[in-house]
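For reference, the structure discussed in these notes is given below.
The values are calculated or read from the model by the stated rules, or taken from the named source; none is laboratory data. Just so it is clear, the model here is predicted, and its values are computed rather than measured. Here Cβ is always computed from backbone atoms with ideal geometry, including for glycine, and neighbour counts include all displayed protein chains.
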Amino acid sequence: MNTDNRRVVLAAAALAASLLLPGLSHSAEQGSDLYPTGYVFLDADDRPLPFQDRTEIVAMLRTAEIVEQRQMSRGVAGNLRVLLDHDGVRFKAVVRLIDVNEREETGSLRMVVKYRDSHIFELAAYELSELLGIGRVPPTARRGAAGFDGTIQIWMEGTTPEDIMLAEGRLQPPDRTSWWHQKSIMWVFDALIANTDRNQGNLLIDGDWNLWFIDHTRAFRETSVLFDSAHLDHCERRFWEVLQTTPDEAIRERLGPYLTGRELDSLLLRRGKLVKHFAKRIKKHGEDAVLFDLVPDSR
Ligand SMILES: Nc1ncnc2c1ncn2[C@@H]1O[C@H](COP(=O)(O)OP(=O)(O)O)[C@@H](O)[C@H]1O
Ligand SMILES: [Mg+2]
C-alpha cells in the first residue's frame, strides 16, 4: 500500500472507529493534552482494535494468545514480531528479549562501569511516559516468548521510523512548530531517562506526524549526568509542571518493579538536575523564551 492510500485507510479507520465506538477518538489522549492526537490502534488487517484504552491494550498484550512469532529482520537486538489473537481479534506486537548485564573496564584508568541492555527498560520507559502524562511510548507489558523473559509492545501500524522517512525523502513535516515541539519533549524525556540510543530508527512517525518513542533498552543508566544537554533549551509548559511536581515516591512506586535502587536514585538525581537547569534558564531568559505550549498539528 502506498503512503497516500495508507493515510486514506487510516483516516477512514479513525472515522469508523469514532462512529462505531463512542468516545474512541479521545482514547489515545486519555492521559493528558500531551498525548499524541488522533492515533487509532489497529489490528493486523488495519481495522481499529475494539480496545483502544491503554490499560486494556496492556491487558491484551499480557493475555492474548501468541499464534505466530518470527525473528525481526530489522534491528540488531533479536526482537520477535508476534501475532496475537484475542477471541478472533488479531493484532501484532514486538517482543524484546535482550537482557545483557555486564561490568566492563574502560579507559586508561580501567574504571569498571556497568552496562545493562535490557528489555525491562522498555516497560519502565512506557510507565514513566504515562506517569508524566506525555504518553509517547506505545503500550508495553511484561511478557516473554520462545522460553525467555521479555517485554511486549503493541506494533504501531501505520507508522514509519524517522530514518526510513528520511531515506525515502518523505521527512517533511507539514507543521514545523509542532514537529520541533515534539522533538523538544523527546530530548527532555531522553535526558531524564539517560537514553544512550535515540537514533532515528527509534522514533516512529504516525500519519498525523505524531512522534512515538521506542527502543529504550539502553536507557536508565546509573549516572546523574544529563546527556545531550545542548538540546535542553526549551521545555513544554505542562511537562515542566509535572517534572517539578511529581513526587519522588510516585516515581519510585511506579518504576520500582523494573529498576534497581541505583537506577532509581540516578533517575531522581537527573530529574532534580533537569528542574534546576530549566529553573536557571527561566530566571535568565524569562518564561516565554524557555517554555512553550505543545500545539497539535495544525492541518
Ligand atoms: N512497537 C513498534 N511498532 C512499530 N515498529 C516497531 C516497533 N518496535 C520496533 N519497531 C521497528 O523495528 C525496528 C527495530 O526495533 P528496535 O526496538 O528499535 O530494536 P533494535 O534494538 O534492534 O534497534 C525499529 O526501528 C522499527 O522499525
Ligand atoms: Mg532500535
Report summary line: Within segment 161-188, restricting to residues that are touching a residue at least 60 places away in the same chain (Cβ under 8 Å) and under 16 Å from the mean Cα position of the chain (by Cα), the one that is nearest to Gly38 (Cα to Cα) is Gln182
Query raised in the report: Since Phe227 meets every condition but one in (1) of a type in the set (A, V, I, L, M, F, W, C); (2) within 13 Å of ligand 1 (Cβ to nearest atom); (3) assigned to a loop (DSSP other than H, G, I, E, B), which condition does it not meet?
Result: (2)
Report task. Can you tell me which residue among Gly261, Gly286, Gly272, Gly256 is more than 16 Å from ligand 1 (Cβ to nearest atom), on the phi > 0 side of the Ramachandran plot and of a type in the set (Gly, Ala, Ser)? Result -> Gly286
**Report entry** Residues satisfying the stated conditions in segment 139-176, i.e. among the aliphatic types (A, V, I, L, M), outside any helix (DSSP H, G or I) and modelled with pLDDT of 95 or more
**Finding:** Ala141, Ile152, Ile154, Met156, Leu171
Query raised in the report: Quick one: would you say Arg238 is of a type in the set (Lys, Arg) and either assigned to a helix (DSSP H, G or I) or touching a residue at least 60 places away in the same chain (Cβ under 8 Å) (or both)?
Result: yes
Query - Residues within segment 55-99 that are in contact with a Ser or Thr (Cβ under 8 Å, 6 or more places away or on another chain) and under 19 Å from Ile120 (Cβ atoms), tallied - result: 7
Query raised in the report: Where residues in segment 177-216 are in a helix (DSSP H, G or I) and β-branched (Val, Ile, Thr), which of them is surrounded by the most Cβ atoms within 10 Å (Cβ to Cβ)?
Result: Ile193
Query raised in the report: Looking at Phe239, Phe278, Phe292, which is the one that is buried (at least 18 other Cβ atoms within 10 Å of the Cβ), under 22 Å from Gly135 (Cβ atoms) and touching an Asp or Glu at 6+ places or on another chain (Cβ under 7 Å)?
Result: Phe292
Report summary line: Those residues of segment 131-153 which are touching a helix residue (DSSP H, G or I) at 6+ places or on another chain (Cβ under 7 Å) and farther than 17 Å from Asp208 by Cβ amount to Leu131, Leu132, Gly133, Val137, Pro139, Thr140, Ala141, Arg142, Arg143, Thr151, Ile152, Gln153
**Report entry** Candidates Glu222, Glu253, filtered to the one that is surrounded by fewer than 21 Cβ atoms within 10 Å (Cβ to Cβ) and in contact (Cβ under 8 Å) with a residue 60 or more places away in the chain
**Finding:** Glu222
